[in-house]
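The structure appears below as structure tokens.
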Amino acid sequence: MTQIVLATASGELKAGTRLPSTRELARRFRIHANTVSAAYRDLEREGWLELRRGSGVYVKQAIASSSATGVSGLDQLILDLFRSARVQGTSMQTLRARLLHWLELQPPDHFLLIEPDRELADIVSSEIGRQVHFSVRSCSIEECRDSELLRAAIPLALPSRAVSVRERLPNGADCLVLNVRSVTDSLASWKPLRTDVLVGIASRWPDFLKRARTMLVAAGFDPDAILVRDARNSGWQKGLRQCAGVVCDSLTATSLPDGCRAIPFPLLSESSIRELRSYEEFVRKPLDRSLWHSGNRHRSEPLTKL
């Protein structure tokens, strides 16, 4: 019965297809013909099959499509999973066991940025923390091998580290790759830029200081009119009040002296922020969390129905 339902809903069995006779299936599976006959009658009552007297058993026309059967998009994904498992020769018992394993895992409750550059990790973590409800932690690439560190975590990586991170994560662990915002997009709201004024650059991340300076020189600023301040050094705020504006990362922007005009340069793209929020919303929804926390009394019912 399960094979017929899955094959029909996934489109493997087309509407109008004639199924093997009761006797043929009984011989094939070495079971009593009455068992096959009872299964066919049950499927007929549920609307999957049509028993034509003197002709045979056919897949019912009314359930040719998922819209006709009331199968939702999520149900269709589940049906596709069962179909793929069957094609690969995976038994129903094995599939059920693996599904239960995943359903019983502790649901994610924080993001874990895997980035060896500590200053960069702090900046990106700060940006993420202002956009989501989950807490944000960080670790080095070597530390991401630690299963305890990964427990209940949603691993994140920047594009330049994605390959290295995925090579070190345990098998089956997923990793979201964050997209970086383009310089042009970040400065769009500040254009046209005046090139005859003193402008500051401030950050704890050395690469930010170098890239920002290169960007401003390319935009027409006099190199001698650019004041660069490494926020890791004492007295780094000196002279920034005299600047028309201070290009900085979003974390350093919170530490600028009063009166400074901050021109923050967010590193993460809007698409990555949306993806993080979407992932968080998926995990935080009550219905989804109930799936993660499936109790014993609910374990067999959904899979039995499938």
Query raised in the report: Once you list every other residue whose beta carbon is under 12 Å from the beta carbon of PRO20, what net charge do they have if Lys and Arg are +1 and Asp and Glu are -1?
Result: +3
Query - Sum of side-chain charges, GLY245 neighbourhood, beta-carbon under 12 Å (Lys, Arg +1; Asp, Glu -1) - result: +3
**Report entry** Inter-probe distance in nm under a simple model that places probes 7 Å from Cα toward Cβ, at ASN171 and LEU149
**Finding:** 2.2 nm
Report summary line: Expected sort for 19-30, 200-211 on mean C-beta neighbours within 10 Å, highest first, is 200-211, 19-30
Requested in this report: Pop a pseudo-label 7 angstrom from the Cα along the beta-carbon direction at both ASP258 and ARG241 and give the gap in nm to one decimal.
Outcome: 1.0 nm
Query - FRET E, pair ARG232, ARG96, Förster distance 35 Å, beta-carbon r, rounded to 0.05 - result: 0.05
Report task. Please give the net charge around VAL87, taking every other residue with its beta carbon less than 12 angstrom from that of VAL87, where Lys and Arg add +1 and Asp and Glu add -1. Result -> 0
Report summary line: Least to most buried among MET215, MET1, by other C-beta atoms within 10 Å and fewest first, runs MET1, MET215
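Every number in this text was worked out from the coordinates using simple rules, so none of it is lab data. Note that the coordinates shown come from a computational prediction; the quantities given were computed from them, not determined experimentally. Every residue, glycine as well, gets a Cβ built from its backbone with ideal geometry; the counts of neighbours run over all protein chains shown.
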